[in-house]
Structures are given as structure tokens and as C-alpha cells.
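Student: I have a structure I would like to understand better, so I am pasting it below and will then ask my questions one at a time.
The values are calculated or read from the model by the stated rules, or taken from the named source; none is laboratory data. Fair warning: this is a prediction, and the values are worked out from it, not measured in the lab. Here the Cβ positions follow ideal geometry from the backbone for every residue, glycine too, while neighbour counts run over all protein chains shown. Keep in mind that these areas ignore ligands, DNA and RNA; they rest on the heavy atoms of the full protein, side chains included. Shrake-Rupley method; radii C 1.70, N 1.55, O 1.52, S 1.80 Å.
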Amino acid sequence: MGKYYKWKVLLTIAVIAFSAWKIWPPQEKIRLGLDLQGGMQILLRVELDKVPLEARKDATDRVVEIIRNRIDEFGVREPVITKQAKDLVVLQLPGITDRNRAREIVGKTAHLEFKLVSEDSDLLARAEKVMAKLEEKTKPLASAPEPPAAVKTEEKPEEVTMPEGYELKTIQDRGRFETFLVEKEPVLTGDRLINASVGFDQYGQPIVELQFDPEGAKVFDRVTFQNIGRRLAIVLDGKVHSAPVIRDRIPNGQAQISGNFSAQDASDLALVPRAGALPAPVVIEEERTVGPTLGRDSVASGIRSGLWGTAFIFAFMPLYYLLAGLIADLALLIYILVTGGALALLKASLTLPGIAGFILSVGMAVDANVLIFERIREEIETGKTTRAAISAGYHKAFSAILDSNITTLVTSLILFILGTGPVKGFAVSLSIGILASMFSAITVTRVVFDFLSAKNPALKLKMFQAFKKPNFSFLKNRFWAYGFSVLTVAIGIGSFVLRGRENYGVEFVGGTLVQVRYEKPVSIEELRKALNQAELTGALIQRYGEEAVNEFVIKIVGQETRQVEEASKALAGEGGYEITRVDSIGPAVSRDLTKKALWAVFWSALGILVYLGWRFEWKFAFAAVVALFHDTLFAFGIYALVGREINLPTVAAILTIMGYSVNDTIVTFDRV
């Protein structure tokens, strides 16, 4: 046994025990990402340019705290709300099903104002005339034919301006619209509000009851005393909710907002000002919603693919490598335990791409064992004892294993830095898996081999060998391979160019992707007709999965999904459909994601080039990067040829190909 054998045993036992402690019970310790459990992710941009310069410093931090208060009252279990950059806030809301309601609560500025209504009918008429003029100017010019040049007359329009210090507001009450003029300067704001709750008026209609602090109560008392008989407009985020007549003095600092809304609307309306007004307006730049049904389907498919992949490896290793394969399987079990323990320790969310990263790192763990076992086989064939062959095999395979894992870690690190959402989860899972695979493949298996060889010095390691002393002339038919690669890449790129914007997911072109599942059979033609009737034209519709599933992906311009819901309701009826997924990306975010994707490819290639240039000679590194780009372009060509969409997970897959395809090149360089 080696001089560090006991330390390796203690380290292995400690890591196994710690991982088991951290991961148990797994259903409580492993956090599922939104794509597995269902929920909503929102990226908010704080409009700092709309607040005074002195208030910008901590505006985003205050937005985070206020939105956290709102979400806590909204009742979301384990929300994640984090600041990203100086003006971005990311919200992860697990289990959310009413996305429209969540958007309303999150996006409201909640700027509450009380404004006196003007009683001057002449001023009101003047303001209405100004608004009519403005509306006339904004009408399309094509609606009225231009008169001939000879008929044109130069008439100076009457100069009408909005009354100074006033603004025109409209309120809708029980289907009736009313317009009135309010003072621009509020007599009281929501800064003095200490509570807002739901109540009911004398007719049983929901209302929002407001309570001011002592200073606010004094102001409200004075305003109501001095303006008895006048109307007081209650304005929230620029919208008038009610404008009651002040009947009497109100000294107790209480007010109420009435309107034709439901109990839930009243509850949400009370929640927003109670949590506080945002210090700056916010814009929803990105939204990703996964319905609970799709989340359950993702969990099932992820577990199924993981089990099948792992089961195949568990079966193959003992069949081909016999005893060594059983040891590799034992190490693989420990690898799974350690990976789960690390995820629990870091409180990282397991996403669907994360499961893909886990399966990929399983392959890398077994790949390391294969390199070691093949080296051991070669050492045994030279006549060395099993114990000496094991020691030499691990020593000679270590550099290739280390180099291969480092190049994959480089791309994984780039993905983590530049990635977002599920892609970042993929990078975390892959990085943890690589480190865990190094431990299980090098340390755990070596401890077992050392133990067995010490107990039985005459131990024989037998293995199957499919190809004995293979001698394939790969370069003999290289021109056929060149031709096939060039043809595949050329056809793929040609297909890519012809499809244009259809190649890209909404991450890179902006817009909204809506995935809808219908209970009854629906054709693409019927769905398109329903969308056209809902005044949504130009939507790209694709069937998702098998025809019997009745599921469609709809891509639209803009970030509004109301028309898709209206069309689905008209087509299938209330409850006859389910929106299983929504990805809504604003133009600013799509440009940023495109830039990050290009930088990710560049930095990954540069990182691999620099590392290989340092480990080997620069001409070897350059050759490896050329081969790497060939593999990437080939995979990209096949992907484009079959008409698949390029999105963020695709970029993650391409970067993984860059990291993983160079592994065989490194093994070859290591031999050279």
C-alpha cells in the first residue's frame, strides 16, 4: 500500500459520511429548479433614469426589499429574489400558476396619491378640447385623403393649452366612463400610509381600507375639513380608482378605495401599497413560466433519462472489465452520493439541463476509469505484477484525466459566468460532477484496488478486449471523411441561412414563446384562425411532440400573451386548455444574451487554446482548437439540418461539445 493509503481511506469515509448527511432526505435537501417543479422567473429592470440622481444609489436595493415584502404577502413558498447588476432584479417564484396576477403585483410602482378634483366646468371643457386635439393628431394620416394642392388653405389653429397645474383623468365605474380634472400636486401621498386592508361597503362590495400615520391623519383631517363638498380623487400609479365627494371632516386618518372589483382584486390592491411604493418604476424585461404539468413531465423525463443512462453504464462496466468494472460501479455510486451532497451543501437548484450535466459527468467519470483500466491492462501485458501495474496505470493515466477535466471545467466556468437560468444550473451541475468524478475515479477506486491487492498479492485482473493490438489506417480514407464533413457542414449552414429568424429561440430575437396544451384535438389551421380572430396575426405555430398530445408552441412578437389566452379560450372553452410554458424576452435582454453567447464561444475556445498551449506545444494546441471547431461546426450543421431551434440550452450543448470533444485529442497528445 502507498504511504498515503490511510489518509485516502479516512478522506473517502469522511466525504461519504458528510455527503450522506447533507443529502438525506433527498426530497427535502435537493432543490428543484423552476423547470422541474413549475413556477415563474422574472427579470426586472429598474428605470434609474426616472428618479433623482441622489436617489439612484440604493434604489435597486430598495426595490428588492419592497418586492420581497410583496411576494411574502402574496404567499409564495421559498421565493428567490436577488439583485443582478446595478439595475436588474431576478425573481424566482416556485409554484406560481396565475402569472398575470403575479406580474401585476410585482410590476406596480404603488405610488398612491390623493388629489383634489376641480369644480370649474370651463377648465374641464378646455382640458377636454386639448385632449381631443391631441387624439386627432395621433390618428393615422392615411385615414383621410390629402386634399389637392389648389384646395389647401393655411389656417392657423386656435391655440389651446391644458390648464396649468391640472391633469385630465378618466374613471370607469360599472361600465360608465367619467372624465374630470384633478390638481397635479397631491394633497397627500402613500408615504404616510401604515396599513391597507380589505373590507366591504354597505352593499357587500369589496373595498380597500386605508390607515394613515399621525402626521398623515393630521393632513387628511385638514384637507377634508377645508374641502367639504368637493371630490377627492384616489390615484394609484396614475390610475384613478375612485373620486368620492367629501361629505364631512375625517379626523381619524382613515380612507377607503372603492370600485367595481372582486375580493381578490381588492386583496391585491391592498397588498401593493401596504408593502410600500417602489422608489423607481420597473419594467419586466424577461419572463419564464413553467406550468405544473410540464414541470411534472420534466421531472419524469429527467429521472427516466438519468436512470437509463446510468443503468447502461452500470451494466457495461462489469461485463467488459469484470472485477475492475464492479469497482468502477461502486465508485459511481459514491460519485452520485457526493454530487447530491454537494448540490445540497451549495443549495443549488437542480434543473433539467442540470440533469443533462449530471449524466454527462457520469460519462466523464467512467471515461476516467476506462483510461486507468486500459493503462493497467498495458502494464500487466508487459509482465508487471498486478500491484505494480495498478500503481503504474494510475500514474500514467492521471495527466490525461486531469487535462481532460480541466478543459471541460473551463467551458463550464464560462457557462456559469455568462449563462443565465437553467444554463447556469447546467454549469453548476457539470462542475460539481467533474470534481466528484475526479474524486471517485482516482481516489475511491485506488483505495479499493490497494486494499484488494494487499489482501491478495496474487490478485489477477482479467478484462475483455474487443480489439487486440488494433491497427486501423484512419488516414488512408481521410479524403472521404473530409468530403463528408464539408458536405454536412455546407448543407447544414445552407439550411440555417434559408430558415433565417426561424433558427433562433426567443432568447436571441426577442418576443414571446407560449406553449399550450389542449384537451381536445386541435389543428394548426384552427389555432391560426382563432389567433387571427383575436387580432394576433403573423404568429409562428409549431406542433410540440406527438399529434395525440395536442400541444403547440406559438411564437409572437412582443411580450403580451392575453390574445393567445383569448384564442385558446374561444377554441377550447374555459378549462379546455393549459398554458404549460411562457418565455418572454424583451429586446434589450435578447441583445445581451446574443452578445453573451458569442463571447462564451470565444472565451471557451481561447481558454482551451491557452491551456493546451501551456501543457503541450502551441502547434498541438492550435491543431486541437481547429479539430474542436470542426466538431462544433459539424454538430451545428446536423442540428440546423434537422430544423431544431437554437436557444440557450443549445449554446450550452455546443460549449460542452467544445470541452468534451477535445478530451480524445488530449489523450492522443498525452500518448505522443
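Student: Can you find, within region 238-253, the residue that is least open to solvent (accessible area, probe 1.4 Å) among those that are among the hydrophobic types (A, V, I, L, M, F, W, C) and in contact with a helix residue (DSSP H, G or I) (Cβ under 8 Å, 6 or more places away or on another chain)?
Tutor: I246
Student: Given the criteria under 22 Å from V117 (Cβ atoms) and open to solvent by 50 Å² or more (accessible area, probe 1.4 Å), does Q256 qualify?
Tutor: It is true that Q256 is under 22 Å from V117 (Cβ atoms) and open to solvent by 50 Å² or more (accessible area, probe 1.4 Å).
Student: In region 85-130, what count of residues is obtained for those that are in contact with a Phe, Trp or Tyr (Cβ under 7 Å, 6 or more places away or on another chain) and farther than 14 Å from V282 by Cα?
Tutor: Adding up the residues that qualify gives 5.
Student: Return the total of residues in region 101-132 being open to solvent by 10 Å² or more (accessible area, probe 1.4 Å), assigned to a helix (DSSP H, G or I) and touching a residue at least 40 places away in the same chain (Cβ under 8 Å).
Tutor: 7
Student: Could you please tell me which pairs satisfy a Cβ distance under 6 Å, a separation of 6+ or placement on different chains, a first residue in region 493-522 that is without any contact (Cβ under 8 Å) to a residue 24 or more places away in the chain, and a second residue that is open to solvent by 10 Å² or more (accessible area, probe 1.4 Å)?
Tutor: The qualifying pairs are R501/V509.
Student: Same structure, new question: In region 326-348, what count of residues is obtained for those that are more than 12 Å from I432 (Cα to Cα) and touching a residue at least 24 places away in the same chain (Cβ under 8 Å)?
Tutor: The qualifying residues number 7.
Student: Taking G340, is it in a helix (DSSP H, G or I) and at pLDDT 80 or above?
Tutor: yes
Student: Does V283 count as within 30 Å of the chain's Cα centre (by Cα), at pLDDT 70 or above, crowded, with 20+ Cβ neighbours inside 10 Å and of a type outside the set (D, E)?
Tutor: No, not satisfied.
Student: Residue by residue through region 532-549, note down the ones that are closer than 17 Å to E519 by Cα and either out of contact with any helix residue (DSSP H, G or I) (no Cβ under 9 Å at 6 or more places or on another chain) or β-branched (V, I, T) (or both).
Tutor: Y544, G545, E546, E547, A548, V549 - these are the residues of region 532-549 that are closer than 17 Å to E519 by Cα and either out of contact with any helix residue (DSSP H, G or I) (no Cβ under 9 Å at 6 or more places or on another chain) or β-branched (V, I, T) (or both).
Residue-by-condition table, conditions (1) open to solvent by 30 Å² or more (accessible area, probe 1.4 Å); (2) touching a residue at least 24 places away in the same chain (Cβ under 8 Å); (3) basic (K, R); (4) out of contact with any strand residue (DSSP E or B) (no Cβ under 6 Å at 6 or more places or on another chain):
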site	(1), (2), (3), (4)
I207	no, yes, no, no
L210	no, yes, no, no
E215	yes, no, no, yes
F225	yes, yes, no, yes
G229	yes, no, no, yes
A233	no, yes, no, no
L236	no, yes, no, no
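Student: Among the residues of region 497-521, write down those that are open to solvent by 10 Å² or more (accessible area, probe 1.4 Å) and of a type in the set (V, I, T).
Tutor: Correct list: V497, V509.
Student: Just for region 246-280: of the residues that are under 25 Å from R230 (Cα atoms) and of a type in the set (S, T, N, Q), which one is modelled with the lowest pLDDT?
Tutor: Restricting to residues being under 25 Å from R230 (Cα atoms) and of a type in the set (S, T, N, Q), the top hit is N260.
Student: Turning to a different aspect of this structure: Can we say T594 is among the hydroxyl-bearing types (S, T, Y), open to solvent by 90 Å² or more (accessible area, probe 1.4 Å) and more than 24 Å from A102 (Cβ to Cβ)?
Tutor: Spelling it out, it is not the case that T594 is among the hydroxyl-bearing types (S, T, Y), open to solvent by 90 Å² or more (accessible area, probe 1.4 Å) and more than 24 Å from A102 (Cβ to Cβ).
Student: Tell me, please, whether a residue that is part of a loop (DSSP other than H, G, I, E, B) and exposed (fewer than 13 other Cβ atoms within 10 Å of the Cβ) can be found in region 450-457.
Tutor: yes
Student: May I ask you to verify whether S404 is under 37 Å from the mean Cα position of the chain (by Cα) and either among the polar types (S, T, N, Q) or under 16 Å from M364 (Cβ atoms) (or both)?
Tutor: So S404 fits the description; yes.
Student: Of the residues in region 458-485, how many are farther than 30 Å from R387 by Cβ and either in a loop (DSSP other than H, G, I, E, B) or open to solvent by less than 100 Å² (accessible area, probe 1.4 Å) (or both)?
Tutor: 8
Student: Same structure, new question: E47 fails exactly one of the following numbered conditions: (1) over 18 Å from the mean Cα position of the chain (by Cα); (2) open to solvent by 40 Å² or more (accessible area, probe 1.4 Å). What is the number of that condition?
Tutor: It is condition (2) that E47 fails.
Student: Quick check on my filter: what residues within region 223-260 are part of a loop (DSSP other than H, G, I, E, B) and basic (K, R)?
Tutor: Within region 223-260, R230, R247, R249 meet the criteria.
Student: Further question: Take residues that are touching a Ser or Thr at 6+ places or on another chain (Cβ under 8 Å) and in contact (Cβ under 8 Å) with a residue 24 or more places away in the chain and tell me which of the helices (runs of 4 or more DSSP H) falling wholly in region 1-59 contain 1 or more.
Tutor: Correct list: 5-23, 34-37.
Student: Evaluate the following for F312: is it modelled with pLDDT under 80 and assigned to a helix (DSSP H, G or I)?
Tutor: It is false that F312 is modelled with pLDDT under 80 and assigned to a helix (DSSP H, G or I).
Student: Could you please find all residues in region 494-549 being more than 22 Å from T594 (Cβ to Cβ), outside any loop (DSSP other than H, G, I, E, B) and hydrophobic (A, V, I, L, M, F, W, C)?
Tutor: Once the filter is applied, which keeps residues that are more than 22 Å from T594 (Cβ to Cβ), outside any loop (DSSP other than H, G, I, E, B) and hydrophobic (A, V, I, L, M, F, W, C), region 494-549 yields V516, I524, L527, A530, L531, I541, A548, V549.
Student: For residues in region 343-364 being out of contact with any Pro (no Cβ under 6 Å at 6 or more places or on another chain) and among the hydroxyl-bearing types (S, T, Y), which is modelled with the highest pLDDT?
Tutor: Selected residue: S361.
Student: Here is a further query. Out of curiosity, is V80 on the phi < 0 side of the Ramachandran plot, hydrophobic (A, V, I, L, M, F, W, C) and open to solvent by less than 40 Å² (accessible area, probe 1.4 Å)?
Tutor: So V80 fails the test.
Student: Looking only at residues in region 552-586 that are hydroxyl-bearing (S, T, Y) and at pLDDT 80 or above, which one is least open to solvent (accessible area, probe 1.4 Å)?
Tutor: Here the answer is S568.
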